[in-house]
Amino acid sequence: MNKRYHSNQEELPLSDSTQQPEVSLESSASCDTANQNNIDSVSQTEDAVMKLMMEFFSEEMLPVFGITQKATAFTLTEEIHLELKKGYLDFNLVMEDGSVSHFEFQSTNGGTKDLRRFRTYESNLSYILQKPVTTYVLFSGKIKRPMTKLKEGINTYRIHPVIMSQQNADLLLEEMRSKITRSEALTREDLVRLPLLPIFGGKSSQLERIQTAFELTTKADQVAKEDVEKIEAAIYAMATKFLNHNELEQIKGGLKMTYLGQLLFEDGRKEGREEGRKEEQENTERERQRAEKAEMEARKAQEELLELKKQLGLA
């Protein structure tokens, strides 16, 4: 897979991929709004992480979704959004058989409304590209039995659901620990699943999953540093939405050992040095202003004394 299709059908290497990472009522209503805002925030984070992972690791991500066919290129998304309701993240891949796989990332089950939207998008995409399109909807959260087909008139529209909670986080982590015990190298295929651990099924806590995920990235010696950094950034993004403040404090120790932690530490040192220089400059400026003020007051006092002497006939 080495091509990207843009809206003008220009083909570019996938390695050049760029991110497009792209709430006074009654008290009960306020609570509902706050809860919805929290859900929306988590949903946006999940969407952004999914988009990031598909941008850079689509070859390794497809098997996670049960797709055995390989992709050959990315294809346009922006023109379609000009015609449809904005605000939804999507991803399109041209497959090796010439068809297009369109991905939607859902943390809520919108039923008929969502299916109509998917159908409209799919129809427009197929018309513009003149290619058959299959829509895969990645369901996270507690969605286990989403609506997958819509019958209207003589037509029946279907999507291909991917239920993320059907994958077991505990088994995945045990498998990766076993590889390390056997002195086998962790691969990109192993690591791309780590940011998805919070939306997988299993009995382990979110804290345990994320702590273990960061621990495993430090043992991926055979994976390119820049790939590990992207995966750690995705894990951390999910951590900020699925862990509380105290739990985030607990992962700090392990985070220091990661590439991401080192980057944050260096950024912090740089920011500290810049802040120190800024504070020193501000102190110098305050001292200069105080000196100027003292000089002006002394000059004024001297002038007042001279005037007084003139009035007394002493000058």
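Quick note: the coordinates plus some simple rules give every number you see, no bench work behind them. These numbers come from a predicted model, not from an experiment. Quick reminder, even Gly has a Cβ in these numbers, built from the backbone with ideal geometry, and neighbours come from all protein chains shown.
Things to note:
- Net dipole in debye of region 125-185 [+1 Lys, Arg Cβ; -1 Asp, Glu Cβ; about Cα centre; nearest 20]: 240
- Ordered by the number of other Cβ atoms lying within 10 Å of each residue's own Cβ, fewest first, LEU62, LEU191 fall into the sequence LEU62, LEU191.
- Close amide H pairs (under 5 Å, H built 1.01 Å from N) link GLU104 with TYR136, VAL137, LEU138, residues at least 5 positions away or on another chain.
- Charged neighbours of PHE242, selected by a Cβ distance under 10 Å, balance to 0 (K, R count +1; D, E count -1).
- Pairs spanning more than 20 Å between alpha-carbon atoms, out of LYS113/LYS151; LYS70/LYS225; LYS144/LYS203: LYS70/LYS225.
- Taking label points 7 Å from Cα along the Cα-to-Cβ direction, GLN130 and LYS149 give a separation of 3.1 nm.
- Residue-wise HN-Hα coupling along region 159-176, computed from phi with Karplus coefficients 6.51, -1.76, 1.60 (Hz; x: Gly, Pro): 10, 9, x, 10, 8, 5, 5, 6, 8, 9, 5, 5, 5, 4, 5, 5, 4, 6
- Dimensions in Å of region 91-182 - Rg and Dmax from alpha carbons: 16.7, 58
- Cβ-to-Cβ counts within 10 Å put MET296, MET176 in ascending order as MET296, MET176, the fewest first.
- By the count of neighbouring beta-carbon atoms within 10 Å, fewest first, TYR121, TYR127, TYR136 end up ordered TYR127, TYR136, TYR121.
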